[in-house]
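A quick write-up on the structure given underneath.
The values are calculated or read from the model by the stated rules, or taken from the named source; none is laboratory data. Source: prediction; values computed, not measured. Note that we place each Cβ from the backbone using ideal geometry, even for glycine, and neighbour counts take in every protein chain shown. Just so you know, the surface numbers come from the protein's heavy atoms only, side chains and all, with ligands and any DNA or RNA stripped out. Shrake-Rupley method; radii C 1.70, N 1.55, O 1.52, S 1.80 Å.
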Amino acid sequence: MDDPVIKTVTAAILVHEGKILIAWRGVNDRLAGHWEFPGGTLEVGESPEDCLARELREEFAIEIEVGTFVGESVYHYNHGAICLIAYLARWKGGSLECRVHERFAWVHIEELGGYVFSPADLPFVKCLQHGEISID
């Protein structure tokens, strides 16, 4: 994570009523047409947990409780490398609004395979599908 060439990004595996929030990147986005676990870029001096709370507030107008760290995924895109740090999270409040993404969906783990995820998010999809990350 200290490599200045690799951008650190957070992701929330946000669980609510047994489903997980996923977000779709719009047509003008660098990763257009891909689904992802919502989150965003870590700012200087910010903890990953604070970053996730801020990003979900900015992007979806909701408050979350950041839970357990579940892992990280490093992926080298053509436009640069990222280290995606994922945490389980719970929805605490707010009325979900799509402010940045084109759309969102609440899905069961069994449904994740029906969505095209960005490459950095795929390891977390597979861990969820194989029961290596528990949302209970």
Heads up, region 21-66 by the C-alpha gyration tensor (a ≥ b ≥ c square roots of eigenvalues; a/c under 1.5 rounded, else a/b over b/c prolate, else oblate) looks prolate
Treating cross-link reach as a plain straight distance, find the lysines whose alpha-carbon is under 22 Å from the alpha-carbon of Lys19, omitting any fewer than eight places away in the same chain. Lys92, Lys126
Restrict the search to region 75-133; then list the GluC sites (Glu not before Pro) that DSSP places in a loop and that have at most 12 other Cβ atoms within 10 Å of their Cβ. Glu97, Glu132
What figure in square angstrom, to the nearest 10, would you give for the accessible area of Arg103 with a 1.4 Å probe? 110
Matching label for the computed Kirkwood radius over Cα pairs in Å, out of [x] 16.0; [y] 18.7; [z] 14.9, is [z]
DSSP-defined antiparallel bridges as percent of all bridges, the chain, nearest 5: 70
If you take the square roots of the eigenvalues of the alpha-carbon gyration tensor of region 62-136 and sort them as a ≥ b ≥ c, do you get rounded (a/c under 1.5), prolate (a/b over b/c) or oblate? rounded
Taking a spot 7 Å from the Cα of Glu102 along the direction of its beta carbon, which residues of region 120-136 have an amide N less than 18 Å from it? 120-121
Averaged per residue, what accessible surface does the chain expose to a 1.4 Å probe, in Å²? 53
Quick check: at a probe of 1.4 Å, how many percent of the accessible area of the chain sits on carbon and sulfur atoms? 48
Here, region 27-105 modelled as identical Cα point scatterers in vacuum has Debye log10 I(q)/I(0) at q = 0.17, 0.27 Å⁻¹ of -0.75, -1.47
For Phe117, distant residues with modelled amide H under 5 Å away: Trp35
